[in-house]
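The values are calculated or read from the model by the stated rules, or taken from the named source; none is laboratory data. Predicted, not measured: the structure shown is a model, and the values here were computed from it. So basically every Cβ, Gly included, is an ideal-geometry build from the backbone, and we count neighbours across all protein chains shown.
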């Protein structure tokens, strides 16, 4: 079945450490997105990518980095510069980068600080 | 400025009751799209419906129905005869056609608890 796979489901980060969250899709979607979800808040966009080798900052990109070397993969690195990384991270994809396209989501990675 | 407001933080109902989740949006764009998503405990957001700004017809899908009213900038979601499996967080989202970006503006979500 087609879908979006995020791994790991749970991740722990030590102080000063970079960690990478994986997102893979087999839907043949061009656009991919990373969101952060905090308790009681809506989803906030970190980065998005419309095509391979191209990506744009969202609303809260500071302390994060991404790459898009393959159409199906969009990994997110949470760097040591992100001082409050504890959150639920969701990856999404859509057929194209148009505003009417529904986004399809993975089941998330929960990141915590050790 | 774009904004989506879901004023109901949490709603509890008893099984078989009807429940309406409110969504109020703000936008200056004349063409926009509204979405509802369901987030069960597993965490994945599940797409439920999309409505564009030119289509004010209400929609019904089984026990779910949606009421879109441009005059009040609202896009409310009603579950009829609620079931325990409906327990989840529900998000309303807005996407603007002419914003120059492709992002959704999400509301803060409404947690629905359906009690047996």
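Annotations for the structure displayed:
- Answer from A:9, A:14, A:71 - the residue that is over 16 Å from residue B:104 (Cβ atoms) and more than 15 Å from the chain's Cα centre (by Cα): A:14
- Taken together, B:17, B:44 contain a single residue that is assigned to a loop (DSSP other than H, G, I, E, B) and more than 11 Å from every other protein chain (Cβ to nearest Cβ), which is B:17.
The rows are residues; the columns are (1) within 26 Å of residue A:14 (Cα to Cα); (2) within 12 Å of chain B (Cβ to nearest Cβ); (3) modelled with pLDDT under 95.
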| site | (1), (2), (3) |
| --- | --- |
| A:63 | yes, no, no |
| A:69 | no, no, no |
| A:98 | no, yes, yes |
| A:103 | no, yes, yes |
| A:110 | yes, yes, no |
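- Some residue of region B:99-107 being in a strand (DSSP E or B) and over 25 Å from residue A:33 (Cβ atoms): no
- Residues that are over 21 Å from residue A:43 (Cα atoms), outside any strand (DSSP E or B), within 14 Å of chain A (Cβ to nearest Cβ) and in contact with a helix residue (DSSP H, G or I) (Cβ under 8 Å, 6 or more places away or on another chain) are absent from region B:24-31 altogether.
- Count of region B:1-14 residues which are more than 11 Å from every other protein chain (Cβ to nearest Cβ), surrounded by 15 or more Cβ atoms within 10 Å (Cβ to Cβ) and at pLDDT 95 or above: 3
- Top-ranked residue in region A:73-84 [being in contact (Cβ under 8 Å) with a residue 40 or more places away in the chain and assigned to a loop (DSSP other than H, G, I, E, B); ranked as nearest to residue A:96 (Cα to Cα)]: A:74
- Qualifying residue in region B:52-61 (condition: on the phi > 0 side of the Ramachandran plot, surrounded by fewer than 11 Cβ atoms within 10 Å (Cβ to Cβ) and not in a strand (DSSP E or B)): no
- So residue A:90, is it in a strand (DSSP E or B) and surrounded by fewer than 20 Cβ atoms within 10 Å (Cβ to Cβ): no
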